[in-house]
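Reading through the structure tokens given below for one structure.
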Amino acid sequence: MTVTDAPKIVTRHLGNADSWTLKSYVDADGYQGLRKALTMPREEVHEEVKKASLLGRGGAGFPAGQKWAMLRKAEPIYLVINGDESEPATFKDHMLIEQDPHQIIEGTLITAYTIGAAQAFIYIRGEFAKGLERMTQALNEAYEYGAVGKNIFGSGWSIDVIIHPGAGAYICGDETGLLESLEGKRGFPRIKPPFFPAAFGLYQAPTVVNNVETMSNIPWVVMNGGDAFSAFGDNRSRGTRIFSVSGHVVRPGNYEVEMVKTTFRDLFYDPVYGGGIRNNKELKAFIPGGASSYWFGPDKLDTPLDQDEVGKLGTMLGSGSIVAMDETTCSVRAAWRLTRFFHKESCGQCTPCREGAGWLEKILQRIEAGRGREADLDLLLDACDNIAPGLTWPPKQTTICPLGPSIPSPIVSAVRMFRDEFLTHIKEGACPHGS
Amino acid sequence: MAPKKPPDKVTITLDGRAVEANKGEMIIAAAERAGVYIPRFCYHPRMKPVGMCRMCLVEVVGPRGPALTPACFVAVSDGQVVNTTTPGVKKAQDGVLEFLLVNHPLDCPVCDKGGECPLQDQTLAFGPGETRFVEEKRHWEKPIALSELVLLDRERCIQCARCTRFADEIAGDPQIDFSMRGDMVEVATFPGQPFTSYFSGNTVQICPVGALTSTPYRFKARPWDIEQAESSCTTCAVGCRVAVQSSGDHITRKLGVDSDPVNQSWLCDKGRFDWESLSSAERITAPLVRKGDELVEVAWTEALDAVASALQKAREVHGGGAIGMIGGARLANEDAYAWSKLARAVLGTDNVDAQLGDGLPAQTVLGLPRATIDQACDASAVILLAPDLKEELPVLYLRLRAAVKDAKLPLIELAEQRSGLTRHAAASLLHRPGEAHVLVRALTAAADPTAEVAGVAPAEVVAARQLLKGIGEKEGEDATYVVVLGRPSLASGPAPFADAAATLLDAFPGVRFLTALRRGNVHGALDMGLAPGTLPGRVSQSDGRAWFAQAWGQVPDTTGMDTTQMLVEASEGRLAALILLGADPLSDFPDRSLARKGLQGAGTVVAVDCFLTESAKKADVFLPAATYAERAGTFTNMEGRVVRLGQKVTAPGVAWPDWMIAAELAFRMGKELGFDNVEGIWDEIERLSPAHTGVTSNLLASLVAKDGVVVPMGAADPPMHKPEPLDPMAEPGIIAAETHWISRLTTIEAASTGEVERGPQGDVGGQDPLAGATEDAAAVSSDHNVSDPGITLVTEPDADVAAEHDVSDPGITLVTRPAPTRFAVPATSAPVPPIDAYSLRLIATHQLWDAGVGVQHSSHLAGLAAAPSLRANPHDLKRLGHESGGRVKAVSPRGSLVLTVEADTGVPRGSVALGFNLPGEGAADLIDATAAITNVRLDSV
């Protein structure tokens, strides 16, 4: 087990007293990145971010520097920060928004400066009441401080930042669903193509949509240079990253670790991180990258936290939420519980997701309640296949957005890994775990 | 107008064969034209695609291999490879249909849509055959009312968003939308706000399942019992194409047919649902004759004898000029022609008027160069000088709204109050009633105004002038202008609009007009000569007298009276007989007091109608008439588009078509009208009417004339086109003329499995009747041009009468058919009424839901007409010391009424608005039809 000596980057202010205040932030190193960026040509700032190989932290893991380079050449350009973190077991952005809002604002401003945005929007999940309060307070402080608004720090560059609370829909975490919501409409994701935000985003203008954690990295990258960031990690997965560790571990929580050099085993078992499986139970399976990722068995514990490595094994690091399931876990119930989430959160736009999620939940519930049929296992897989044809990774989809093909991940994982447990439910007419 | 540029072409590979497609069109549309039907639910060819239902997934081969792609949302591109029948596509289709049926109640046996349901049909053609769903379905209360007319069964809904998109995108009434999430998504209204859109019935028609049903049709019929006749809606002058459907000789439903140049499949709710009135219990289905104080049912013979002898007597004692005929705008062209001929050739009167003092002078209507609706939508600018189109010509409102929204058509509105189109107008100038012509002159004058014009601030006028100037400069000689000209208010006279038309004709060379007269076939009736001083075919009495006298035997040589003049004359006891052709002056003439006196003072009053209207109750004889769907014939819409009307049911009781009544009356007066069926009348119209040359019955019946024929046929008119094959899913319920779409589907299915050879789609086959039509027209005129020794040909219409008297042998004089008259649009200026500082000028307008017979005798519509209330600018109310919502006494020189007054910023200062022909007392009790404007004082009660 290794705990590398890589520094804390996005979470470095978190131990500071009142870390969410301007004073605390500036007393540390607050807004130094922005001040520096404003003295640099935009292209140079962009170059540093590219060198950092900063993969987007929202789930899809697209390199931030590359995303900024894809904007359609048109005015105006918008920057939208996605803080609609809503997936079960994902709670890193929540922490950053509440504990270090200024760092997000600073990253947003540097990014806006770099891409030449006309306006920036920070979209925060509506349920984050405290986060919204702190983010709003921070933005007001930042305006007063001269970091936002007209003629920022005397540079002659001006921009406004707008905080927009969501209204409680997971789907608005999808970037195009978020844009619809931001425009005041129902959060129905848009069809890609043609509505790639970089080409036709907010109000049909070229738009960059970045995650809160991605933004939180930007000030450090600018202050210390892209090379300093990419000195950590390996391959394409550079720097450090927050992983939300939860489930049956002794010490659930957010841990910022160096990428690639750290493994899933480290996160679950190192006393500094997860501290082992609770009650000294055996690990049965784990979710490597959020509710929409395919599961891993204990045999994959030594897989490095490398986006592409994990991708090659048929799943994803996704939003960086890692859930441990110990031997007492009922895999049917786990799959049902996750499917229930997708069922509740399907926006209802595309038939396969709208109707499929509910149906799949009903089947799983039936099996869990001991009323399953053997044919249900093939039915589960086939209905999943009708949402994500081929059940491959990365998924194909019959729906507009990736919520559809997320539904099969827990179901297919559970059926493939624990088919016998499903059959036991069916044969015994009850859940063997007693749940 | 310049013809539209043909679209650029691209070539795609569709299921292995090369197919040509229009650049920019969606795969689903290109495939359909190539005979490959891709199943769909949310896609509708008249709305923007959303790609939601996922039924149209096809495989498009991309750089990473074939990918399932919604065919409704992805445009064709050159070299694109599309596969619609691969196992991957088939599995996706099975999957989507199985998912759709998971929560669908499958209550087809009791569902109105069962038998004509795209969900049923596509499940049959593309679905998996059986479901693997064994769980409990989602349940909702069913149905819930979205409005008085539309019910929603949420269990049946498949969330395709056709209805919500229609309401927002097409109707501009976003009153329904999705609420909730996932499989709990439901279509909903906003709390306490029903779906009151005038176009709500369209959502029922385009619903691909039985989720939306209409209260008038609900449980009325089963699709397999339904018979259909294609026809046109005659409720207003737009003339939307419709399918009239019946079951057991009762009308059960009207559906919109997609006529590209006219209604593009949409209907307003009045047109869609007023068929209920046809089978109303109030319908009078036998002749009535007044005996004492009562109207008593009699046989046709007795009634016709009574009318014939009264008319005979009137003619002999007082002369034809003492007989008047009001109405005719509800009739078919053939009926109007028959009455027109009866009046001139038998009764010897020119006192005929299809308008009820609420339109424009016939000479103006007939003299203006006409535009089509398409030309208006494609124009460089449209000038709106008309009543609120949303209220009076609703589907024209939809077309113009779409042109503004989609094609950025600049709309310059000159109105007396805010209208449905105001928010879409590039400029909206609200002027004082009675002064439209002053504003139009200021718009077209050489110099900018410096002072207020007709109540409009100079800056607003200047802005509109600059807008027009900018369009003129940008488009130069290609600029085209269309004026929608009507009578915005019944409380002021028509003179300013005739004046304004003359000014606009001068100012914009090449300008064309759409005359916004609302009554169904008013344009057809005018074309048939139901206006004083005109004869059939848009020819003036003086130009056409010789020609028609030759054909008809006689034509009066004095110009007759219009409706207002007739009523004045009658009120003074100088009209011996008055025939009302579906006209109800007591309700529908702007001035009730004059109408009342007129009906009292007239000698014999004959009402030819379907209902015992207020006016018909005063009649001496009531003759029951057949109405639309009960008789055949043709109809002419506001563009001059002649279309065929379909007969679907038998007229109730012993009601007759109007032409038959006219012919019988002529016979009883010792003359023959010379025809014994509708076709015979049309042949005579085609032969005699200068405007209808070449428009033969054969042409009208042909597929190229599916959208009708704009008359007169000529080079200036848009070419007729063969209709594109219709998307079967766009109009569920319509029984397609060629093959029923389900059989087409099966053919396609079979074709894809190689069982049936795929034929070319949309091939109408046979010869092109249009090709012959113009030749026919040429032949007709050359027939008459053949010079024959001994026969004098009069070729100059202007010289007709004089020439007739010059010939040596009057017995063999042959007059050629005159050309349609170029009626002079009066250039004389209408007066500018003085301002009365103590009064407000009255604006009286029609509303869609009114006290007319179609609405009042349709049980589901009658309740929608609101009681009249006044609307005035809040400043005026404050100035006059009235509260919004309070009661006031409205006093005009004609009378007074106590009404509620509401504050409305859409009414400019100095005016007060009031609905016309609403239940109870109303605007007609205040208006003086002989005055230029109506001033109203608002007194405290």
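The values are calculated or read from the model by the stated rules, or taken from the named source; none is laboratory data. Since the model is a prediction, treat every value here as computed from it, not as a measurement. Glycine also receives a Cβ, built like all others from the backbone with ideal geometry; neighbour counts cover every protein chain displayed.
Here is how the numbers come out for the structure above:
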{"read-out": "Where a residue in region A:402-428 is free of Cβ contacts under 8 Å to residues at least 12 places away in the same chain and its partner, wherever it lies, is part of a loop (DSSP other than H, G, I, E, B), with Cβ under 7 Å and at least six apart", "value": "A:THR424/A:PRO432"}
{"read-out": "Every residue from region B:326-353 that is under 15 Å from B:ARG315 (Cβ atoms), among the small types (Gly, Ala, Ser) and in a loop (DSSP other than H, G, I, E, B)", "value": "B:GLY348"}
{"read-out": "Filter result (in a loop (DSSP other than H, G, I, E, B) and more than 21 Å from A:THR111 (Cβ to Cβ)) within region A:147-182", "value": "A:ALA167, A:GLY168, A:ALA169"}
{"read-out": "Residues that are closer than 16 Å to B:GLY239 by Cα and in a loop (DSSP other than H, G, I, E, B), drawn from region B:619-674", "value": "B:THR627, B:TYR628, B:ALA632, B:ASN637, B:MET638, B:GLU639, B:GLY640, B:GLY646"}
{"read-out": "Filter result (touching a strand residue (DSSP E or B) at 6+ places or on another chain (Cβ under 6 Å) and either polar (S, T, N, Q) or in a strand (DSSP E or B) (or both)) within region B:586-608", "value": "B:THR604, B:VAL605, B:VAL606, B:ALA607, B:VAL608"}
{"read-out": "Sole residue being buried (at least 24 other Cβ atoms within 10 Å of the Cβ), in contact with a Pro (Cβ under 9 Å, 6 or more places away or on another chain) and of a type in the set (Ser, Thr, Tyr), chosen from A:TYR78, A:TYR25", "value": "A:TYR25"}
{"read-out": "Every residue from region B:155-171 that is within 30 Å of B:ALA865 (Cβ to Cβ) and either within 12 Å of chain A (Cβ to nearest Cβ) or buried (at least 20 other Cβ atoms within 10 Å of the Cβ) (or both)", "value": "B:ARG162, B:CYS163, B:THR164, B:ARG165, B:PHE166, B:ALA167, B:ASP168, B:ILE170, B:ALA171"}
{"read-out": "Pairs, first farther than 20 Å from A:LEU55 by Cα in region A:195-211, second of a type in the set (S, T, N, Q) and outside any strand (DSSP E or B), C-beta under 9 Å, six or more apart", "value": "A:PHE195/A:THR176; A:PHE195/A:GLN204; A:GLY201/A:THR176"}
{"read-out": "B:GLU130 being part of a loop (DSSP other than H, G, I, E, B), touching a residue at least 40 places away in the same chain (Cβ under 8 Å) and either away from every other protein chain (no Cβ under 12 Å) or among the charged types (D, E, K, R) (or both)", "value": "no"}
{"read-out": "Matching option when the condition is within 22 Å of A:ALA167 (Cα to Cα), in contact (Cβ under 8 Å) with a residue 24 or more places away in the chain and more than 31 Å from the chain's Cα centre (by Cα), among B:MET184, B:MET180", "value": "B:MET184"}
{"read-out": "Scope region B:366-389; condition surrounded by 24 or more Cβ atoms within 10 Å (Cβ to Cβ), modelled with pLDDT of 95 or more and part of a helix (DSSP H, G or I); matching residues", "value": "B:ILE373, B:ALA376, B:LEU389"}
{"read-out": "Tally, over region A:385-396, of residues that are facing chain B (nearest Cβ under 10 Å) and not aliphatic (A, V, I, L, M)", "value": "5"}
{"read-out": "Residues satisfying the stated conditions in region A:349-365, i.e. of a type outside the set (A, V, I, L, M, F, W, C) and within 7 Å of chain B (Cβ to nearest Cβ)", "value": "A:GLN349, A:THR351, A:PRO352, A:ARG354, A:GLU355, A:GLY356, A:GLY358, A:LYS362"}
{"read-out": "Selection within region A:267-324 - over 23 Å from A:ARG419 (Cβ atoms) and among the basic types (Lys, Arg)", "value": "A:ARG278, A:LYS312"}
{"read-out": "Region B:90-108 - residue that is more than 10 Å from chain A (Cβ to nearest Cβ) and among the hydrophobic types (A, V, I, L, M, F, W, C) and, of those, farthest from A:THR399 (Cα to Cα)", "value": "B:CYS108"}
{"read-out": "Selection count, region A:167-185, where residues are surrounded by 19 or more Cβ atoms within 10 Å (Cβ to Cβ) and within 13 Å of chain B (Cβ to nearest Cβ)", "value": "8"}
{"read-out": "Condition broken by B:PHE195, with the remaining ones in (1) over 30 Å from B:LEU97 (Cβ atoms); (2) among the hydrophobic types (A, V, I, L, M, F, W, C); (3) more than 14 Å from the chain's Cα centre (by Cα) satisfied", "value": "(1)"}
{"read-out": "Verdict on B:ARG841 being assigned to a strand (DSSP E or B) and basic (Lys, Arg)", "value": "yes"}
{"read-out": "So B:GLU276, is it in a loop (DSSP other than H, G, I, E, B) and over 13 Å from the mean Cα position of the chain (by Cα)", "value": "no"}
{"read-out": "Which numbered condition A:LEU360 fails, given (1) without any contact (Cβ under 8 Å) to a residue 40 or more places away in the chain; (2) buried (at least 24 other Cβ atoms within 10 Å of the Cβ); (3) within 30 Å of A:LEU178 (Cβ to Cβ)", "value": "(1)"}
{"read-out": "Qualifying position, being outside any loop (DSSP other than H, G, I, E, B), touching a Ser or Thr at 6+ places or on another chain (Cβ under 9 Å) and under 30 Å from A:GLY348 (Cα atoms), among B:GLN245, B:GLN228, B:GLN205", "value": "B:GLN205"}
{"read-out": "Residue satisfying condition, being in a loop (DSSP other than H, G, I, E, B), more than 8 Å from chain B (Cβ to nearest Cβ) and surrounded by fewer than 24 Cβ atoms within 10 Å (Cβ to Cβ), within set A:GLY318, A:GLY314", "value": "A:GLY314"}
{"read-out": "Top-ranked residue in region A:369-383 [being within 10 Å of chain B (Cβ to nearest Cβ) and part of a helix (DSSP H, G or I); ranked as surrounded by the most Cβ atoms within 10 Å (Cβ to Cβ)]", "value": "A:ALA383"}
{"read-out": "Which numbered condition B:ILE144 fails, given (1) surrounded by 22 or more Cβ atoms within 10 Å (Cβ to Cβ); (2) closer than 18 Å to B:PHE195 by Cα; (3) hydrophobic (A, V, I, L, M, F, W, C)", "value": "(1)"}
{"read-out": "Residue match in region B:471-494 (condition: part of a helix (DSSP H, G or I), at pLDDT below 95 and crowded, with 21+ Cβ neighbours inside 10 Å)", "value": "no"}
{"read-out": "Answer residue from region B:8-67, given it is closer than 30 Å to B:ARG401 by Cβ and aromatic (Phe, Trp, Tyr) and is nearest to the other protein chains (Cβ to nearest Cβ) among those", "value": "B:PHE41"}
{"read-out": "Filter result (crowded, with 22+ Cβ neighbours inside 10 Å and touching a Gly at 6+ places or on another chain (Cβ under 7 Å)) within region B:74-97", "value": "B:LEU97"}
{"read-out": "Given (1) within 14 Å of chain A (Cβ to nearest Cβ); (2) touching an Asp or Glu at 6+ places or on another chain (Cβ under 6 Å), number of the condition B:PRO216 does not satisfy", "value": "(1)"}
{"read-out": "Some residue of region B:112-127 being more than 10 Å from every other protein chain (Cβ to nearest Cβ), assigned to a loop (DSSP other than H, G, I, E, B) and more than 30 Å from B:CYS268 (Cβ to Cβ)", "value": "yes"}
